[in-house]
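The values are calculated or read from the model by the stated rules, or taken from the named source; none is laboratory data. Please read these numbers as outputs of a predicted model, since none were measured by experiment. Here the Cβ positions follow ideal geometry from the backbone for every residue, glycine too, while neighbour counts run over all protein chains shown. What goes into the accessible areas is simple: the full protein's heavy atoms, side chains included, and nothing from ligands, DNA or RNA. Shrake-Rupley method; radii C 1.70, N 1.55, O 1.52, S 1.80 Å.
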Amino acid sequence: MSFPFAVVVFDLDGTLANTAMDLADALNHMLVRLSREPVPASRVIEMVGRGMRNLVERGLGATGPATPELIEQALPIFLEYYEPHIADKSRPYEGAEAALDLLRERGAKLAICTNKPEGLSRKLLAAFGWTERFASVFGGDTLAVRKPDAAPLREAIRQAGGGAAVLVGDSITDVRTAHAAGLPCLAVTWGFRDRPVEALGAAALIERFDQLVPALEKLSAEWNRSADRSGRDRLA
């Protein structure tokens with residue numbers, strides 16, 4: 001049976017994998033090295049989603065000045081610690097692997113579109129044994145622009161084979177990226193965000209990964225009906 005979305009694109013941190021503790025450890029290692037106070041993981045979660053430089057900047061800003069010069073000094077400290085410890089505590093969310101396998105069985109191509117650097121994204125996927133699951137992987141540095149710009153999402157879909165597509169994410173960045181590309185976004189109720197999930201404006205929500213496939217099937221039907229109505233309205 002064919003799946004209504006030819007390509008299902010996933011955000012990585014906070015959507016497929018809980019990477020909070022490894023990110024927090026790297027950020028706090030950096031802060032201590034710079035004689036700053038560490039920050040709790042619960043605050044780090046609110047800083048994730050706009051790339052590593054932004055995370056470093058926000059971590060510095062939470063503990064004191066964050067000048068451009070200090071950010072340039074701090075970023076290598078963060079990355080040098082994070083890369084070898086990228087999967088010390090990070091794990092896929094419960095049910096994620098089974099949902100990915102089911103989508104592939106149904107004929108969907110899978111892709112990653114994240115603001116994590118591409119090399120680190122691929123390293124994390126390899127640590128999970130997920131390298132072969134994804135037809136394309138786009139990170140925050142793959143192109144000259146990153147989410148919420150639509151270009152990385154569109155290219156991830158194109159390289160995965162194209163066709164009807166959806167983005168699955170956890171944050172306002174993901175929703176804005178999908179909207180910029182003219183695509184629906186399904187949001188997970190777990191993950192990393194700076195506002196309630198109900199405030200994201202996603203087209204659909206799921207609370208568990210075993211809800212993903214039926215939710216996407218329902219979303220496709222609703223999205224197509226909405227597109228049909230919009231087309232009729234324009235012609236009226």
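Numbers below:
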item	result
Net length gained if the chain between residue 198 and residue 67 were fully extended (0.36 nm per residue, minus Cα distance)	43.7 nm
Proximal aspartates and glutamates relative to residue 89, as straight alpha-carbon distance under 12 Å, when same-chain residues fewer than 8 apart are discounted	22, 25
Folded to 0 to 90 degrees: helix 118-128 orientation relative to the chain principal axis, Cα	80 degrees
Cα centroid of segment 153-203 to Cα centroid of segment 3-68, whole Å	19 Å
With DNA, RNA and ligands ignored, accessible area of residue 179 (1.4 Å probe; Å², nearest 10)	110 Å²
On Cα atoms only, tilt of 52-61 relative to the major axis of the chain in degrees	50 degrees
Under 5 Å, built H, 5+ apart or other chain: amide partners of residue 137	112
The chain, dipole about Cα centre (Lys/Arg Cβ +1, Asp/Glu Cβ -1), debye to the nearest 20	580 debye
Mean accessible surface per residue for segment 55-137, computed with a 1.4 Å probe while every protein chain stays in place, in Å²	47 Å²
Extent along principal axes [Cα atoms of the chain; Å; largest to smallest]	62, 40, 31
Charge dipole (segment 106-192, unit charges on Cβ, about Cα centre) - positive-most of 131, 187, 156	131
Of 140, 108, 95, farthest towards positive along the dipole that unit charges on Lys, Arg, Asp, Glu beta carbons give segment 80-153	108
